[in-house]
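Colleague: Sharing a structure with you now.
The values are calculated or read from the model by the stated rules, or taken from the named source; none is laboratory data. Note that this is a predicted model, so its numbers are computed, not measured. Please note: Cβ atoms are built from the backbone with ideal geometry, for glycine as well, and neighbour counts cover all protein chains shown. Just so you know, the surface numbers come from the protein's heavy atoms only, side chains and all, with ligands and any DNA or RNA stripped out. Shrake-Rupley method; radii C 1.70, N 1.55, O 1.52, S 1.80 Å.
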Amino acid sequence: MDILLVCLGNICRSPLAEGILREKLSKHGISWNVDSAGTGSWHVGAGPDKRSIKVAKEFSIDIKNLKARQFSVADFDRFDLILAMDESNFEFINRKASAGSRARVAMMLDFLYPGERKSVPDPYYGGDNGFYQIYELLDRACDALIDELVREKVHTT
Ligand code: 4NP
């Protein structure tokens, strides 16, 4: 399985989600590929926001060497599942998707809150607190995602 996590800048939410999901998959002994990207290009090549790095580090997850990149239509061919952090990221990705690719696009919190279309709030302009809040949300979202996808795999194989 190849999973891409997408936010706006690829420096706050999606690299944190990438680090958390990688860590959990590794603990479960699952070798899926996880990557992240931003819909915007402002931060391409930059490392994660220092607040995301700090929160991740407090939970023993190292994301400091990740580098931001911009989402591209080529990602539709490379990933089985593309998860948007918020409604605006979701719409951006969907506008670029062919009819056949659209089924692979969902929201990060869909597994935790099915049918509610909830967003991971953008913490960029807030203080450290917002980063702790999104960590907690992403941590639970990744558990829900793994539960659901592993169950699906068991039923389809
Ligand atoms: P992210 O947060 O989408 O979670 O990486 C943001 C990062 C940068 C900006 C906005 C949100 N920005 O406006 O530069």
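Colleague: So, in the stretch 1-17, exactly how many residues are more than 17 Å from F90 (Cα to Cα), under 8 Å from the mean Cα position of the chain (by Cα) and more than 9 Å from the ligand (Cβ to nearest atom)?
Modeller: Number of matching residues: 0.
Colleague: Here's something else I'd like to know. Can you pull out every residue in the stretch 52-62 that is of a type in the set (G, A, S) and surrounded by 14 or more Cβ atoms within 10 Å (Cβ to Cβ)?
Modeller: Hits for the stretch 52-62 are S52, A56.
Colleague: Let me ask another. Take the conditions over 17 Å from P15 (Cβ atoms) and at pLDDT below 95 and apply them to R117. Does it pass?
Modeller: For R117, the condition - over 17 Å from P15 (Cβ atoms) and at pLDDT below 95 - is not met.
Colleague: Follow-up question, since we're still on this one. Take the stretch 141-155 and flag every residue that is at pLDDT 95 or above and surrounded by fewer than 14 Cβ atoms within 10 Å (Cβ to Cβ).
Modeller: Correct list: D147 only.
Colleague: For F90, all conditions in the list (1) of a type in the set (F, W, Y); (2) more than 23 Å from L149 (Cα to Cα); (3) within 16 Å of the ligand (Cβ to nearest atom) hold save one; what is the number of the exception?
Modeller: So F90 meets the others, but not (2).
Colleague: Can you report the number of residues in the stretch 38-76 which are polar (S, T, N, Q), in contact (Cβ under 8 Å) with a residue 60 or more places away in the chain and over 18 Å from Y132 (Cβ atoms)? Before the answer, list the steps.
Modeller: Quick first cut of the stretch 38-76, residues polar (S, T, N, Q) only: 39, 41, 52, 60, 65, 70, 72.
Cutting the leftovers down to in contact (Cβ under 8 Å) with a residue 60 or more places away in the chain gives us 52, 70.
Keeping just the survivors that are over 18 Å from Y132 (Cβ atoms) gives 70.
Final tally of qualifying residues: 1.
Colleague: Can you name the residue in the stretch 30-51 that is away from the ligand (no atom under 12 Å from the Cβ) and of a type in the set (V, I, T) and is also least open to solvent (accessible area, probe 1.4 Å) among such residues?
Modeller: Going through the qualifying residues, I end up with V34.
Colleague: Given R95, R69, R104, R78, which one is touching a helix residue (DSSP H, G or I) at 6+ places or on another chain (Cβ under 9 Å) and surrounded by fewer than 19 Cβ atoms within 10 Å (Cβ to Cβ)?
Modeller: R104
Colleague: Take L138 and decide whether it is in a helix (DSSP H, G or I) and touching a residue at least 60 places away in the same chain (Cβ under 8 Å). Steps first, please.
Modeller: Values: in a helix (DSSP H, G or I): yes; touching a residue at least 60 places away in the same chain (Cβ under 8 Å): yes.
Taking the combined requirement at face value, the residue satisfies it.
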